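The values are calculated or read from the model by the stated rules, or taken from the named source; none is laboratory data. Remember, predicted model here, so these are calculated numbers, not experimental data. Using ideal geometry, Cβ is built from the backbone for each residue, glycine included, and neighbour counts are taken over all protein chains shown.
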Amino acid sequence: MENKDSRRDFIRKAALLSGATIIGGNAVLKAAADQQEQISGQENGMGGPLVFEQDPLPYAFDALEPFIDKQTMQIHYEKHHQAYINNLNKALAKTKISDKQDQNAALMHLFQTMSGQSTAIRNNAGGHWNHKMFWEWMTPNAKSTYAGKAADAINAQFGSYDKFMTAFTDTAMSRFGSGWTWLVKRETRLEIISTPNQDNPLMNIAEVRGKPILGLDVWEHAYYLKYQNLRKDYITNWYKVVNWEKVSSLL
Ligand code: MN
């Protein structure tokens, strides 16, 4: 992490020295992108600006055992998520729209302009944000307590925790192939929806748009090592590691 931080620092300083302006706290700078391209090209051989970086996992790879196994977590985080980030950075380098420093703001911008973006950007921007959130939507079983604003809102909307789980599981089971299941906030309502591939309900191309407050990865890579074809067992066990505090914080 030290290397990444010092590189980011260096990029920021280089951009400031080149006389560029800072707008609203985000240094959105052509100079920074140029510096970044040179630096990342030297450091990792990717040849593109490394704008997006992976946050540290908020717990150990084995922290969600036995519900989500250590090997799945490690491969999912280190290989799958990292690949979306690498491919997003490559795709943005080609289109020259990678000049924002704030990861979240840049992702939101991409989602809102998705109809004008390439398939590579759609898949990998979605893949990055969806996983970034997925790690935060989970927590060790001992800390997974269905309570607070999330529980109140879910009980009010769906009748009970069990009714919510039944509806969410049904939607997750009916997603053919790869995709995600979401609990979204739409104005004052909560709704359960599903998207294919790495799409999400923030994208302007989504059939149903809303603010995701909880999401479940139903790609086989999320469960196959432990659960094989038993997606329903994976979903049932995943509820035991949901971070309800995080869900409440998004309401
Ligand atoms: Mn995944």
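Please verify whether residue 201 is within 23 Å of residue 120 (Cβ to Cβ), more than 16 Å from the ligand (Cβ to nearest atom) and of a type outside the set (Phe, Trp, Tyr), treating the condition exactly as stated. Yes, satisfied. Filtering 149, 185, 163 for residues that are part of a helix (DSSP H, G or I), basic (Lys, Arg) and closer than 18 Å to residue 249 by Cα leaves a single hit, 149.
If only residues of region 108-124 that are surrounded by 17 or more Cβ atoms within 10 Å (Cβ to Cβ) and touching a residue at least 40 places away in the same chain (Cβ under 8 Å) are counted, the one that is farthest from the ligand (Cβ to nearest atom) is 114.
What are the residues in region 132-179 that are in contact (Cβ under 8 Å) with a residue 40 or more places away in the chain, under 26 Å from residue 82 (Cα atoms) and of a type outside the set (Ser, Thr, Tyr), if any? If the condition is that a residue be in contact (Cβ under 8 Å) with a residue 40 or more places away in the chain, under 26 Å from residue 82 (Cα atoms) and of a type outside the set (Ser, Thr, Tyr), then 132, 133, 134, 135, 136, 137, 138, 140, 141, 172, 175, 179 are the ones that fit.
Among the conditions (1) closer than 21 Å to residue 149 by Cβ; (2) part of a loop (DSSP other than H, G, I, E, B), residue 200 misses just one, which is (1). Among the residues of region 168-177, some residue qualifies, meaning at least one is among the hydrophobic types (A, V, I, L, M, F, W, C), surrounded by fewer than 21 Cβ atoms within 10 Å (Cβ to Cβ) and at pLDDT 95 or above. Considering region 204-232, and only residues there that are within 13 Å of the ligand (Cβ to nearest atom) and crowded, with 20+ Cβ neighbours inside 10 Å, the residue that is nearest to residue 189 (Cα to Cα) turns out to be 215.
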